[in-house]
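Down below is the structure, laid out as structure tokens.
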């Protein structure tokens, strides 16, 4: 049973994702609310990142990828032949597990994407606004012409968030964005996520239960089961609800055991 969400920004309608003949995750029904943070949690191999990447068609880059069902963005099927994947990725940005700044200046990390997307406004202003929104402006405002690779890991991750913001997406996907960071950098990224949801919808994959509690409004718990005749475990959406309900009053025994650390 999933909660009823009025006017979701992204919806999965009976989505099954396969790689070749192997179904990585199946039968997902899920509505993502606007201007909220939704966390995906669950053990390794349950399909969290696979579902996340289908929202901006990153899985298209894997030759064996197949999707059944519908992924809707504002009610439009993202996998329709009429939809341009490049435009999907502009409107639904992504921040990866490991910070990956371009080997360019801090300034150009922000300006590059905006420029190729046809931005005609004041670039200096856009760079500053994007870095401010990602809470990294004060740390790099005096070295904008230095390489983005010269920043610390936490600063690099916030630079990557600023880079995603600069092209004005509606949704930002984050695949374990703090897993490679120290606790202080993690806290700064989490504070940034809180501030960003005023203007963006955020979906985050995390293995950190405390992080899910701290940053998210909604939580989706994925699990996996052995399926006879399959090449391995198949992921599925086990429970989806407000974060406080998932952690304080889970409906499923598996959810309760996972969030209390008994498995995973």
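Of all the numbered requirements in (1) more than 24 Å from residue 89 (Cβ to Cβ); (2) in contact with a strand residue (DSSP E or B) (Cβ under 9 Å, 6 or more places away or on another chain), residue 164 misses one, and that requirement is (1).
Considering segment 218-264 alone, what residues qualify as being out of contact with any strand residue (DSSP E or B) (no Cβ under 7 Å at 6 or more places or on another chain), touching a residue at least 12 places away in the same chain (Cβ under 8 Å) and part of a helix (DSSP H, G or I)? Listed by number, the residues that qualify are 247, 259. Here residue 220 qualifies as more than 30 Å from residue 132 (Cβ to Cβ) and within 13 Å of the chain's Cα centre (by Cα). Taking the listed residues 173, 151, 131, the one that is under 30 Å from residue 258 (Cα atoms), touching a helix residue (DSSP H, G or I) at 6+ places or on another chain (Cβ under 7 Å) and at pLDDT 95 or above is 173, with no other qualifying. Consider segment 206-217 and keep the residues that are modelled with pLDDT of 95 or more and in a loop (DSSP other than H, G, I, E, B). The one that is farthest from the chain's Cα centre (by Cα) is 217. Considering only residues that are over 13 Å from the mean Cα position of the chain (by Cα), farther than 17 Å from residue 235 by Cα and without any contact (Cβ under 8 Å) to a residue 60 or more places away in the chain, which ones fall in segment 33-74? Within segment 33-74, 60, 61, 62, 63, 64, 70 qualify. When you scan segment 101-123, how many residues do you find that are part of a loop (DSSP other than H, G, I, E, B) and surrounded by fewer than 19 Cβ atoms within 10 Å (Cβ to Cβ)? Matching residues across segment 101-123 total 9.
For segment 56-79, a tally of residues being closer than 30 Å to residue 257 by Cβ and crowded, with 21+ Cβ neighbours inside 10 Å returns 1.
The values are calculated or read from the model by the stated rules, or taken from the named source; none is laboratory data. None of these values were measured; they are calculated from a predicted model. Glycine also receives a Cβ, built like all others from the backbone with ideal geometry; neighbour counts cover every protein chain displayed.
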